[in-house]
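Have a look at the structure below before the remarks.
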């Protein structure tokens, strides 16, 4: 049985290197892991507790929660915006954390990876995303990390899915996420 992993990309840009990294994960997922790249984070409105009531939850947020409820784990791809994670990723975490203690992300393994132009590959943003998702109730895989620096130059002519070093690294990350999912009894 395959472990189902939902990929959430914190960049909305069509040519995003983090999106390309997520596409590489989908393409090179090892046997026993299936990656679904969630489409539609741009449509999810900012979390508002006033709209998070039965019958009023925005359709895009419902789609996100339903996609998240149907998976075993998560893989978050975060660029670094002004030294932290992008609002779209934080917003997704907020929607998935509710209802408090029973959100769709609660108790599920989560790894955070990414690429950024800077020399550290977005580690501050990834650390912030780990903190946020942990507070939201997920099981953060603290030792599963991948920060690829220099994205603008490194991926100027090469898609991450065609970069042997990146493929090896993302395949290992996915294998670690797959291993973190409890075996069904």
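The values are calculated or read from the model by the stated rules, or taken from the named source; none is laboratory data. Worth saying up front: this structure is predicted, and the values here are computed from it rather than measured. Neighbour counts run over all protein chains shown; Cβ positions are idealised from the backbone, glycine included.
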Would you please name the residue that is nearest to residue 88 (Cα to Cα), looking only at residues in the stretch 47-61 that are in a loop (DSSP other than H, G, I, E, B) and in contact with a helix residue (DSSP H, G or I) (Cβ under 9 Å, 6 or more places away or on another chain)? 47
Going through the stretch 1-21 in order, the residues found to be within 14 Å of residue 86 (Cβ to Cβ) and either in contact (Cβ under 8 Å) with a residue 40 or more places away in the chain or touching a helix residue (DSSP H, G or I) at 6+ places or on another chain (Cβ under 6 Å) (or both) are 8, 9, 10, 11, 12, 16, 17, 18, 19
Identify, please: which residue in the stretch 1-18 is assigned to a loop (DSSP other than H, G, I, E, B) and over 15 Å from residue 175 (Cβ atoms) and is, among those, nearest to the chain's Cα centre (by Cα)? 10
If you go through 75, 89, 21, 64, the only one that is in contact with a strand residue (DSSP E or B) (Cβ under 8 Å, 6 or more places away or on another chain), at pLDDT 95 or above, within 24 Å of residue 182 (Cβ to Cβ) and not in a loop (DSSP other than H, G, I, E, B) is 75
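Each row is one residue, and each column tells you yes or no for (1) outside any helix (DSSP H, G or I); (2) at pLDDT 95 or above; (3) more than 12 Å from the chain's Cα centre (by Cα); (4) crowded, with 20+ Cβ neighbours inside 10 Å.
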{"site": "101", "(1), (2), (3), (4)": "yes, no, yes, no"}
{"site": "126", "(1), (2), (3), (4)": "no, yes, no, yes"}
{"site": "129", "(1), (2), (3), (4)": "no, yes, no, yes"}
{"site": "168", "(1), (2), (3), (4)": "no, yes, yes, no"}
For the structure I just gave you, tell me whether residue 54 is free of Cβ contacts under 8 Å to residues at least 12 places away in the same chain and more than 30 Å from residue 152 (Cα to Cα). yes
Is it the case that residue 111 is at pLDDT 95 or above, surrounded by 20 or more Cβ atoms within 10 Å (Cβ to Cβ) and in a strand (DSSP E or B)? yes
Just to verify a result, which residue in the stretch 24-46, among those that are part of a helix (DSSP H, G or I) and in contact with a strand residue (DSSP E or B) (Cβ under 6 Å, 6 or more places away or on another chain), is farthest from residue 165 (Cα to Cα)? 26
